[in-house]
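The values are calculated or read from the model by the stated rules, or taken from the named source; none is laboratory data. Since this is a predicted model, take the numbers as computed values, not measurements. Reconstructed Cβ throughout: ideal geometry from the backbone, glycine too, with neighbour counts over all protein chains shown. For the accessible areas, the whole protein counts, side chains as well, though only heavy atoms, and no ligand, DNA or RNA atoms are used. Shrake-Rupley method; radii C 1.70, N 1.55, O 1.52, S 1.80 Å.
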Amino acid sequence: MIEEQAVVVGVERDRALLEIVRRTPCGLCGQTRGCGISIWGRLLGHRNNVFLADNQINAKAGDNVVVGVDERALLASSLAVYVVPLLLLLAGAAIGAYLAPAAANADLRAVAGAVAGLVVGLVWLKWHAAGRGVSARYRPVILRQADASCKIETSCLSSR
């Protein structure tokens with residue numbers, strides 16, 4: 001299990017709305033929530049990222065908890081997100097270049113094949129992710145309350 005400390009910001013039936021707070025501030029801006037100076041922070045605002053997790057311990061809003069994700073599920077998801085679209089992009093480029101009748105069109109067809117392969121990869125990823133969304137294996141789970149003596153800035157994950 002990959003574990004991280006989070007704060008419960010809301011509760012919805014048997015699930016909790018969690019927010020991960022960085023234990024150390026950003027080296028560029030000193031913020032522990034959101035992004036203060038990067039281009040993404042300016043474009044998207046300084047909103048906090050919240051997510052749902054299974055609330056097996058009946059945590060309440062404001063509780064500091066330890067949330068976990070199965071590392072095999074995380075690895076499988078990472079491979080699906082990065083490797084499959086990349087492989088389909090490369091396969092599309094190779095097929096496009098192979099099907100080009102003349103050497104002058106080979107680059108254009110390779111680019112078109114790469115774009116087509118990437119689109120197919122992204123469509124597959126969307127379909128694949130929809131199927132994994134129902135599996136409990138891929139959902140984060142609240143494992144336990146964080147140690148009460150721990151502040152959110154310090155690492156308390158090893159205490160059980």
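Criterion first (closer than 27 Å to Asp14 by Cα and either modelled with pLDDT under 85 or in a loop (DSSP other than H, G, I, E, B) (or both)) does Ala53 satisfy it?
Values: closer than 27 Å to Asp14 by Cα: yes; either modelled with pLDDT under 85 or in a loop (DSSP other than H, G, I, E, B) (or both): no.
Criteria not met by Ala53.
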Condition set modelled with pLDDT under 85, in a helix (DSSP H, G or I) and more than 26 Å from Leu52 (Cβ to Cβ), scope region 84-135, selection least open to solvent (accessible area, probe 1.4 Å): answer is Ala106
Yes or no: region 56-74 includes at least one residue that is at pLDDT below 90, small (Gly, Ala, Ser), crowded, with 16+ Cβ neighbours inside 10 Å and touching a helix residue (DSSP H, G or I) at 6+ places or on another chain (Cβ under 8 Å).
yes
